[in-house]
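Here, each number is a calculation from the coordinates, and none is a lab measurement. Keep in mind that this is a model prediction, so the values were computed, not measured. All Cβ positions, glycine included, derive from the backbone under ideal geometry; neighbour counts span all protein chains shown.
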Amino acid sequence: MSVEVIRKAYQATEEGFLSVVTKQWPMNPQIAAVGSCCLVGVICGDSLYVANLGDSRVVLGRVVRATGEVLAIQLSSEHNVSIESVRQEMHSLHPDDSKIVVLKHNVWRVKGLIQVSRSIGDVYLKKAEFNKEPLYAKFRLRETFKRPILSSDPSISVHELQEHDQFLIFASDGLWEHLSNQDAVDIVQNHPHNGIARRLIKVALQEAAKKREMRYSDLKKIDRGVRRHFHDDITVVVVFLDSNLVSRASSVRGPPISVRGGGVPLPSRTLAPCAELGSS
């Protein structure tokens with residue numbers, strides 16, 4: 001396992017989807033406007049690799065020994081042009097385009113179309129040959145472009161897991177739109193493991209309903225397609241860390257894994273040396 005292995009996996013995924021778009025373009029041209037954020041965590045021994053495209057996020061819950069409180073530590077960086085540093089990055093990558101990022105309806109968007117600056121897919125903003133009819137006019141740019149506007153290169157970091165690291169929350173931006181990092185960590189810390197991802201989603205939806213001055217029960221009745229106007233999609237995975245295995249992995253060579261599955265019993269001697277999580 002290495003940063004380069006993960007980078008190549010992202011590249012292969014992007015190339016694989018591009019081949020699908022190319023084949024389907026004559027029959028289904030709108031697939032050129034389909035894209036996804038991609039957040040991946042890989043644990044090998046006591047090392048956690050985090051790779052991200054887009055605006056999903058992973059947050060670590062770590063116990064502070066002196067006080068016993070659990071601190072929220074964000075481990076991923078996001079690629080959303082609502083963040084000033086991301087806007088600056090886009091301007092530096094496209095110095096000849098003063099409108100690479102524009103403010104539209106009080107929301108910063110790349111070319112007025114999309115908030116993320118990196119993704120899997122969205123090839124209409126990566127290859128000019130897909131930025132034309134019969135793609136819907138709402139996606140097409142008036143001007144052509146010579147180089148990709150969006151990137152599929154992930155931000156990757158490596159973190160050494162410690163004995164007092166308790167759990168990891170992997171979630172799409174739909175969760176973080178309504179919960180702070182610390183709010184999410186407090187919920188996980190103060191409730192049973194079983195069903196904790198569902199609990200986080202419910203709390204986020206309750207916050208979304210409150211912001212719209214409506215009841216949670218009424219929000220739940222809205223059709224999924226229409227509900228997108230009330231809140232973004234929410235995907236959550238919570239991984240609990242076994243401190244005994246983390247400490248053992250840092251001192252002993254071999255296959256022990258530093259993740260304990262929630263409620264899924266596994267026979268002994270069947271744990272692989274690496275665990276991988278994906279969310280889109």
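Before moving on, here are some points about what is shown:
- Residue among THR144, VAL188, SER119 farthest towards the positive dipole end of segment 3-250, charges placed on Cβ: THR144
- Inter-label distance, nm, simple model (7 Å from Cα along the C-beta direction), LYS210/HIS193: 2.9
- Taking θ as phi - 60° and the Karplus parameters 6.51, -1.76 and 1.60, the scalar couplings of segment 233-241 work out to 5, 10, 10, 9, 10, 10, 10, 8, 9 Hz in sequence order, x denoting glycine and proline.
- In segment 3-250 the Cα-Cα distances spread across 5 Å bins starting at 0 as 1, 6, 11, 14, 16, 16, 14, 10, 7, 3, 1, 0, 0 percent of all pairs.
- The packing ranking of peptides 234-242, 35-43, highest mean first, is 35-43, 234-242, where packing means the average number of other beta carbon atoms within 10 angstrom of each residue.
- When peptides 98-106, 181-189, 154-162, 8-16 are ranked by their average number of other Cβ atoms within 10 Å per residue, the highest-first order is 181-189, 154-162, 8-16, 98-106.
- Restricting segment 144-215 to trypsin sites (Lys or Arg not before Pro) in coil, as DSSP defines it, with at most 16 other Cβ within 10 Å: LYS146, ARG212, ARG215
- Taking only Cα atoms of segment 49-157, radius of gyration then Dmax in Å: 17.3, 62
- Directionally averaged projected area (segment 33-99, Cα convex hull): 7.3 nm².
- Rounded to the nearest 20 debye, dipole of segment 3-250 from Cβ charges on Lys, Arg, Asp, Glu: 1020
- For GLY35, nonlocal amide neighbours, meaning residues 5 or more places apart or on other chains whose placed amide H falls under 5 Å from its own, are ASP122.
- In this entry, segment 97-151 is assigned a mean projected area of 3.8 nm², taken as a quarter of its C-alpha convex hull surface.
- Remark on SER151: its backbone amide H falls under 5 Å from those of ARG118, SER119, a criterion applied only to residues 5 or more positions apart or on other chains, H modelled at 1.01 Å from N.
- 3J(HN,Hα) along segment 153-160, derived from phi through the Karplus expression 6.51 cos²θ - 1.76 cosθ + 1.60 where θ = phi - 60°, amounts to 8, x, 7, 10, 9, 10, 10, 7 Hz, with x in place of Gly and Pro.
- Near the amide H of GLY112, within less than 5 Å, lie the amide hydrogens of VAL102, all on another chain or at least 5 residues away, with H placed in the peptide plane.
- Figure legend: label point modelled 7 angstrom from the Cα of GLU84 along Cα→Cβ; no residues of segment 128-171 have amide N under 16 Å from it.
- Each peptide in 135-145, 167-177 receives the mean, over its residues, of other Cβ atoms within 10 Å, and ordering these scores from highest gives 167-177, 135-145.
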